[in-house]
Amino acid sequence: MTDQISRRDFLYATAGASGWLATAPFPALELDASQPPAGTPAVPAGWFDRPMRWVQLTLVENDPGRFDPQFWLDYFRRLHADAATLSAGGIVAYYPTEVPLHHRSSWLGTSDPFGELVKGCRSLQMNIVARTDPHAVRDEVRAAHPDWISVNRNGEPVRHWANRELWVTCALGPYNFEFMDQVHREIVSRYKVDGIFSNRWAPQGGDCYCTHCQKNFKDATGLELPRTTDARDPGRRQYLEWRTARLIDLWKRWDATVQSANPEARYIPNGPPSMKSAGELAAIQFTDNQARRGLTPPWNNGRRAKELRSVMGRRPIGGIFSVGVEEPYRWKDSVQSEPEIQLWVAEGTANGMRPWVTKFSGVLYDRRWLPVVERIYDWHYRHERYLRNESPVAAIGLLYSEQTGRYHPGVAAGDRAEDHVLGMYHALIEARMPFELVHEAFLTPDRLDRFKVLVLADAAALSDAQCEAIRGYVERGGSVVATFASSLYDEWGQQRKDFGLADIFGVSFAGRIEGPMQNSYLNLDPDPSTRKHHQVLRGLEDAPRIINGVFRVDVRPTREFPSPVTLVPSYPDLPMEDVYPRVPRTETRELYLREVGRGRVAYIPWDIDRTFWEVLSPDHGRLLRNVLGWAMNQEPAPVEVDGRGVVDVTVWRQRDSMTVHLVNLSNPMMMKGPLREIIPIGPLTVRVRVPGGLRATKVKLLTAGTSAAPQGAGTLTVQVPTVDVHEVVAIDLEPAKR
Ligand SMILES: [Zn+2]
């Protein structure tokens with residue numbers, strides 16, 4: 001799989017000194033030195049947390065007899081890999097299966113390559129997960145069980161889109177629930193593996209209209225299968241919910257089967273039915289975003305890690321990466337540039353994901369990637385102690401709303417909820433503010449109250465209960481920064497009369513969303529009485545006005561607000577003789593700032609985040625950073641990094657140490673891979689706040705291999721001379737003497 005997100009422009013902008021907060025004595029925000037943070041689900045008992053480095057070998061059908069298992073086992077040893085995912089069954093069985101219709105590789109003969117690899121990996125003390133892929137079958141399977149095949153909306157069985165000899169299976173019917181259940185039982189019983197991992201186990205190639213899907217959906221809802229793909233259609237909505245529930249049932253069924261054959265083992269889906277279900281069911285989980293493609297920024301691998309951690313907490317997660325070019329043309333036997341692989345994996349590691357290299361085909365055509373992955377894994381092995389994270393350290397939580405993505409198509413063509421999140425994500429990266437994602441399904445006080453600021457980047461679809469949870473967070477002293485249509489819709493995407501959080505924002509919906517707007521601006525004004533600029537305009541004092549966004553929600557304030565940012569309505573942009581503002585000044589606020597108890601609330605009624613993603617105006621980035629800094633309300637940041645470049649900064653606690661990861665994103669080709677070469681940045685000055693009650697005993701730079709003299713408790717200043725791709729400031733900690 002590849003990771004692609006839409007982008008419309010490139011960026012080269014550097015974050016300046018992140019002087020948005022004064023250095024101050026040590027914060028209350030920090031985690032207790034001895035306790036894991038509240039709201040972190042416990043690590044499940046079992047093997048799951050042990051492996052730090054994963055490998056996956058996906059065999060192709062003609063590998064048996066042609067590939068050299070010993071070559072791979074030697075390589076796994078050199079990688080210090082401690083878990084492997086190995087091809088076992090599904091489309092092709094790589095062991096002598098006894099399950100009828102389970103197709104043995106035509107090259108299998110009397111061999112058992114899966115069993116041989118299992119044995120070899122076990123001798124290397126590796127955990128083993130068997131890979132299955134249930135999404136396609138051959139003619140004989142269709143002949144025996146025509147009802148196992150997916151059916152399109154015209155009532156025709158679905159041929160495989162890439163291999164016309166195969167048929168696509170129905171993921172929600174007896175093929176998976178019964179046939180694959182037998183396959184999974186056989187694999188785990190016979191080989192006592194630690195788990196089953198299925199690729200493409202959810203519906204493939206469009207919605208299925210087979211007899212089972214028709215009947216099961218009707219039994220569950222009383223409805224016929226929907227013909228529309230419009231998520232706002234009530235029938236479609238019920239279908240999506242039913243499909244998710246059905247996949248959760250399948251997960252539970254396979255998991256029960258796997259555990260009945262080996263109580264230590266688990267079923268691991270590649271791609272959970274929903275993030276919420278992963279949070280509820282998974283002991284271990286992986287993201288399958290193997291490389292970037294198109295205009296995916298490199299930080300997107302870190303974003304996938306943050307998404308998964310927002311439901312998994314402390315439970316182990318892995319990041320599957322490939323070594324090949326991941327573009328739509330699917331060159332599965334290709335090899336990427338070394339810097340590109342390095343950067344993608346570094347982003348995952350810096351954001352709490354364990355590396356999982358995947359390779360298709362036991363026979364290699366291009367071996368250039370082998371030493372590259374070996375270097376990455378060797379670094380990881382040598383510094384494992386500092387990569388066994390207990391908890392992230394961040395003051396900012398960005399709400400991750402799956403239901404907004406699913407049920408809210410945006411307010412108009414050109415508005416897409418995800419673009420707001422991506423713009424905010426990029427602004428936070430540029431601001432060098434460590435942050436976490438907070439999943440909408442788990443808005444409990446113990447999870448929310450870890451953060452000083454909760455950010456709603458057009459979190460449009462929120463339920464009443466979710467709004468209430470956010471209201472409670474503000475009442476307990478939390479700050480909120482919200483943009484655009486946040487809470488204007490319910491959890492099913494139905495528009496409300498007013499924002500669900502109108503009382504928190506201090507404004508009401510005035511009934512209209514304007515846009516796309518041409519040639520609109522924002523006036524930035526000092527306070528009329530003091531002539532001083534508000535904190536949110538820091539660095540913009542010489543700008544009387546800046547460009548506006550593209551969409552705005554018309555709102556009516558329900559109380560008095562300061563007016564540092566006001567609207568200049570659109571005026572003609574052609575002919576040039578007509579390009580002058582018709583209304584140069586208004587009293588319409590485009591930023592609403594208020595204090596609520598110990599917290600602060602900033603509501604921005606326009607699409608600053610979405611426009612930032614599209615246009616990347618440095619003024620918008622600065623304004624966002626300042627608003628976030630204002631919302632921090634004097635709370636010191638966990639880390640500040642000075643120096644040039646675009647850097648992803650993350651902070652972690654381990655049992656006896658803490659780390660600051662610095663990933664250099666300021667390379668040419670940052671916004672479009674593959675990287676040609678690494679352009680180092682540095683020097684950087686890193687100021688880290690050592691948690692209360694602890695002091696530093698040793699400071700190391702893991703990549704440079706140098707150490708620095710510790711400077712005791714409080715704020716530690718570390719000079720990092722240079723960063724190629726990834727540097728980690730590792731700080732050993734011990735209790736401070738009282
Ligand atoms: Zn079906």
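Taken per residue, the accessible surface of the range 560-601 reaches 57 Å², heavy atoms only and a 1.4 Å probe. The mean sequence separation of alpha-carbon pairs under 8 Å and at least six residues apart, normalised by the residue count of the range 494-577, gives a relative contact order of 42 percent. Can you check what the Kirkwood hydrodynamic radius comes to for the chain, Cα pairs only, in Å to one decimal? Here the Kirkwood hydrodynamic radius works out to 27.4 Å.
Measuring between their Cα centroids, the range 555-622 and the range 367-410 lie 35 Å from each other.
What percentage of all Cα-Cα pairs in the range 393-454 are separated by more than 14 Å?
60 percent
Comparing Ala459, His439, Ala231 along the charge dipole axis of the chain, the residue lying farthest to the positive side is His439, per the Cβ-charge model.
When you count the other C-beta atoms within 10 angstrom of each residue and take the mean per peptide, 70-80, 487-497, 724-734 line up highest first as 724-734, 487-497, 70-80.
Averaged over residues, the count of other Cβ atoms within 10 Å places the peptides 639-648, 429-438 in the sequence 429-438, 639-648, highest first. Based on Cα contacts under 8 Å between residues 6+ apart, the chain shows a relative contact order of 14 percent.
Working note: Karplus 6.51/-1.76/1.60 with θ = phi - 60° gives the range 57-65 the couplings 10, 9, 6, 9, 4, 8, 5, x, x Hz, where Gly and Pro are set to x. Each Lys and Arg Cβ is given +1 and each Asp and Glu Cβ -1; about its Cα centre, the range 346-494 then shows a dipole of about 800 debye. For the peptides 82-92, 621-631, residues were scored by their other Cβ atoms within 10 Å and the scores averaged per peptide; the highest-first order is 82-92, 621-631. Normalising the average separation of contacting C-alpha pairs (under 8 angstrom, six or more residues apart) by the number of residues puts the relative contact order of the range 572-652 at 19 percent.
Here's how it looks for Trp606: its modeled amide H is under 5 Å from those of Phe484, Val553, which are all 5 or more places away or on a different chain. Bridgeable lysines around Lys700 (alpha carbons under 23 Å apart, same-chain partners fewer than 8 residues away excluded): Lys737. Taking amide H atoms as placed 1.01 Å from N in the peptide plane, the amide H of Thr697 lies under 5 Å from those of Asp732, Leu733, Glu734, each 5 or more residues away in sequence or on another chain.
The distance linking the range 293-353 with the range 459-508 is 32 Å (Cα centroid to Cα centroid, whole angstrom). Let me make sure I get this right: for the range 608-738, a, b and c are the square roots of the gyration tensor eigenvalues over alpha carbons, sorted descending. Under 1.5 in a/c it's rounded, otherwise prolate if a/b > b/c, else oblate. Which is it? Oblate. On the range 579-712, 50 percent of the accessible area sits on carbon and sulfur atoms, based on a 1.4 Å probe. Of all DSSP beta bridges confined to the chain, the antiparallel ones make up roughly 55%.
Rolling a 1.4 Å probe over the heavy atoms of the protein chains gives the range 108-198 an accessible area of 41 Å² per residue. In the range 372-479, the portion of solvent-accessible area held by carbon and sulfur atoms comes to 52 percent [1.4 Å probe, whole percent, DNA, RNA and ligands not counted].
Once you reduce the range 203-246 and the range 253-279 to the center of their Cα atoms, the two points are 23 Å from each other.
The values are calculated or read from the model by the stated rules, or taken from the named source; none is laboratory data. Everything numeric in this text was worked out from a predicted model, so none of it was measured. Cβ: placed from backbone, ideal geometry, glycine included. Neighbour counts: every protein chain shown. Side chains included, ligands, DNA and RNA excluded: accessible areas come from the protein's heavy atoms. Shrake-Rupley method; radii C 1.70, N 1.55, O 1.52, S 1.80 Å.
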